[in-house]
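The values are calculated or read from the model by the stated rules, or taken from the named source; none is laboratory data. This one's a predicted model, so the numbers in the text were calculated from it and none came from an experiment. Cβ atoms come from the backbone with ideal geometry, glycine included; neighbour counts cover every protein chain shown.
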Amino acid sequence: MNWSILGWGMISVAIILLVVFTFRFKNGKSYKVRKNTQMEGLNKSRIAKIEGGLHRTIVLGHQLSSSAYPGLGLNSLAIVPGILDPETLADGKLNISTSQGSLMVFVRQIVENSYQNGFSKALTQRGVNTVLPGPTVYSNIAGLVCELGVHPQHGLILAGNFGPEVSLLSEVCVSKNGDVFAAAGTITSQAALFPQVENLVMGENNFMLPGLLTPSPGRDAGWLTEDILRILLIFMIIAAAILKMVGVL
């Protein structure tokens with residue numbers, strides 16, 4: 001068996017599927033197989049907090065880049081534009097926080113240059129606040145704990161590269177009858193948040209969040225193509241195992 005031909009064949013199939021499904025989804029259709037109950041909980045919580053005039057906080061982790069979890073910090077930044085809808089910009093009771101200066105610089109650029117669907121921040125005196133409670137992990141956690149303790153029924157979104165210390169934030173928020181949504185990508189943070197947080201996104205689903213917040217035909221096509229390739233790969237492994245058992249391979 002020529003593994004090089006097999007590899008190029010899989011790449012060719014992926015490209016063809018991406019092109020076909022992208023044009024298909026541009027006609028208004030979408031890929032509905034992957035139902036994410038955590039996202040439904042996040043949307044309900046965001047609407048309830050805005051209508052109730054309550055405070056919300058997004059914490060984007062402690063690292064922009066990491067050798068152990070590459071792309072996790074950039075993925076947290078990609079979530080921000082989907083959160084900055086016109087209602088959020090007009091309401092103004094949203095803080096975006098991180099403990100790393102480079103992450104804060106990028107977040108501030110995203111917030112200051114936001115303009116969506118004909119809505120301009122200049123039309124309102126309020127806006128989204130980007131805050132740096134502390135320049136280190138633990139000083140940042142200490143500052144956020146105080147902030148969450150002041151405002152009851154807080155809405156908290158955790159996205160990015162965290163350690164086990166993130167459980168302190170979720171515990172304080174829950175104790176004040178708040179809602180927590182977590183897309184903490186590291187294994188340690190997921191283990192720490194699992195007993196406390198109902199809306200917890202785990203594993204590779206973290207990287208689906210930008211597409212779920214701002215859907216597009218290209219993203220839907222990518223998810224469907226990924227699922228089809230997974231199914232093909234499973235059948236190929238089963239077929240190869242059977243051929244190996246009978247002595248063909």
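Could you identify the single residue in GLY28, GLY61, GLY82, GLY71 that is on the phi > 0 side of the Ramachandran plot and touching a helix residue (DSSP H, G or I) at 6+ places or on another chain (Cβ under 6 Å)? Residue meeting the stated conditions: GLY61. Of all residues in the range 35-94, those that are more than 16 Å from the chain's Cα centre (by Cα), among the hydrophobic types (A, V, I, L, M, F, W, C) and surrounded by fewer than 18 Cβ atoms within 10 Å (Cβ to Cβ) total 4. Considering only residues in the range 93-129 that are outside any helix (DSSP H, G or I) and modelled with pLDDT of 85 or more, the one that is nearest to SER65 (Cα to Cα) turns out to be GLN100. Residues that are over 25 Å from the mean Cα position of the chain (by Cα) and part of a loop (DSSP other than H, G, I, E, B) were ranked within the range 1-28; the one that is modelled with the lowest pLDDT is MET1. Evaluating GLY211 against the criteria (1) over 26 Å from GLY178 (Cα atoms); (2) of a type in the set (Gly, Ala, Ser); (3) in contact (Cβ under 8 Å) with a residue 12 or more places away in the chain leaves one unmet condition, (1). Residues that are exposed (fewer than 11 other Cβ atoms within 10 Å of the Cβ) and basic (Lys, Arg) within the range 1-34 comprise just one, LYS32.
The set of residues in the range 29-76 that are of a type in the set (Ser, Thr, Tyr), under 21 Å from GLU165 (Cβ atoms) and at pLDDT below 85 comprises SER65, SER66, SER67, TYR69.
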